[in-house]
Amino acid sequence: MSLLRLIFNIAWFLMGGFIMGLAWWLVGLLCFISIIGIPFGRACFVIGELAFWPFGQETVNRKHISGQEDIGTGTLGLVGNVIWFLCFGIWLAIGHLVHALACFVTIIGIPFALQHLKLALLSLTPIGQTVIAKPTY
């Protein structure tokens, strides 16, 4: 199973994952310009790493893992997600949607398109999410 994930991740990286991962990291660098943007920038680098190698990983709400609300999963997280959406989220989502449409053209590209859709949804509201490894069976 892990060999298949490795093959998919390498193919993903070569066929669009590299570009979107760099886009996430670029947005992260822009967020680090201000003190207020540092938490957003940190999240961008974590999600950028997910954008480079998405197979075998998933995102979940931190509240579901810890069982407690924190600053990113409460009201301030909602405010942060609105600010994020207006500044950067919509543009990253459009980038992932364009890549998804290009991948849906072929049957082989469908798994890659589904990963782009997952990342497009994440790019709209990333605050309060964390990346975890999928369990292997």
Only one of (1) farther than 29 Å from residue 112 by Cβ; (2) open to solvent by 30 Å² or more (accessible area, probe 1.4 Å); (3) not polar (S, T, N, Q) does not apply to residue 37, and that is (2)
Could you tell me which residue of segment 1-20 is farthest from residue 52 (Cα to Cα), considering only residues that are touching a residue at least 24 places away in the same chain (Cβ under 8 Å) and either β-branched (Val, Ile, Thr) or not in a helix (DSSP H, G or I) (or both)?
1
Which of the following residues is touching a strand residue (DSSP E or B) at 6+ places or on another chain (Cβ under 8 Å) and exposed (fewer than 15 other Cβ atoms within 10 Å of the Cβ): 65, 47?
65
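When the residues of segment 23-46 are filtered to those that are of a type outside the set (A, V, I, L, M, F, W, C) and either over 13 Å from the mean Cα position of the chain (by Cα) or in a loop (DSSP other than H, G, I, E, B) (or both), which remaining residue is nearest to residue 130 (Cα to Cα)?
At the first step, the residues of segment 23-46 found to be of a type outside the set (A, V, I, L, M, F, W, C) are 28, 34, 37, 39, 41-42.
Now narrow it down to the ones that are either over 13 Å from the mean Cα position of the chain (by Cα) or in a loop (DSSP other than H, G, I, E, B) (or both): 34, 37, 39.
Details: 34: 23, 37: 18, 39: 13 Å.
Result: 39.
Look through segment 111-127, keep the residues that are more than 12 Å from the chain's Cα centre (by Cα) and not aromatic (Phe, Trp, Tyr), and return whichever of them is most open to solvent (accessible area, probe 1.4 Å).
Residues of segment 111-127 more than 12 Å from the chain's Cα centre (by Cα): 111-114.
After this cut, where a residue has to be not aromatic (Phe, Trp, Tyr) as well, the list is 111, 113-114.
Values: 111: 43, 113: 0, 114: 96 Å².
Among them, the one singled out is 114.
Mind listing whichever residues of segment 101-110 are hydrophobic (A, V, I, L, M, F, W, C) and either surrounded by fewer than 20 Cβ atoms within 10 Å (Cβ to Cβ) or free of Cβ contacts under 8 Å to residues at least 12 places away in the same chain (or both)? Give the derivation first.
If we filter segment 101-110 for residues that are hydrophobic (A, V, I, L, M, F, W, C), which is where we start, we get 101-105, 107-108, 110.
Residues satisfying the conditions are 101, 102, 104, 105, 107, 108, 110.
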Does any residue of segment 112-123 turn out to be outside any loop (DSSP other than H, G, I, E, B) and over 17 Å from residue 53 (Cα atoms)?
no
Quick one: which of 79, 98 is more than 12 Å from the chain's Cα centre (by Cα), assigned to a helix (DSSP H, G or I), within 24 Å of residue 14 (Cα to Cα) and without any contact (Cβ under 8 Å) to a residue 12 or more places away in the chain?
98
What number goes with the only condition from (1) over 15 Å from residue 126 (Cβ atoms); (2) assigned to a loop (DSSP other than H, G, I, E, B); (3) of a type in the set (Val, Ile, Thr) that residue 71 does not pass?
(1)
Condition test on residue 60, is it within 13 Å of the chain's Cα centre (by Cα) and surrounded by fewer than 17 Cβ atoms within 10 Å (Cβ to Cβ)?
yes
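The values are calculated or read from the model by the stated rules, or taken from the named source; none is laboratory data. The structure displayed is predicted, hence computed values, not measured ones. FYI the Cβ positions are ideal-geometry reconstructions off the backbone, even for glycines, and counts take in every protein chain you see. Just so you know, the surface numbers come from the protein's heavy atoms only, side chains and all, with ligands and any DNA or RNA stripped out. Shrake-Rupley method; radii C 1.70, N 1.55, O 1.52, S 1.80 Å.
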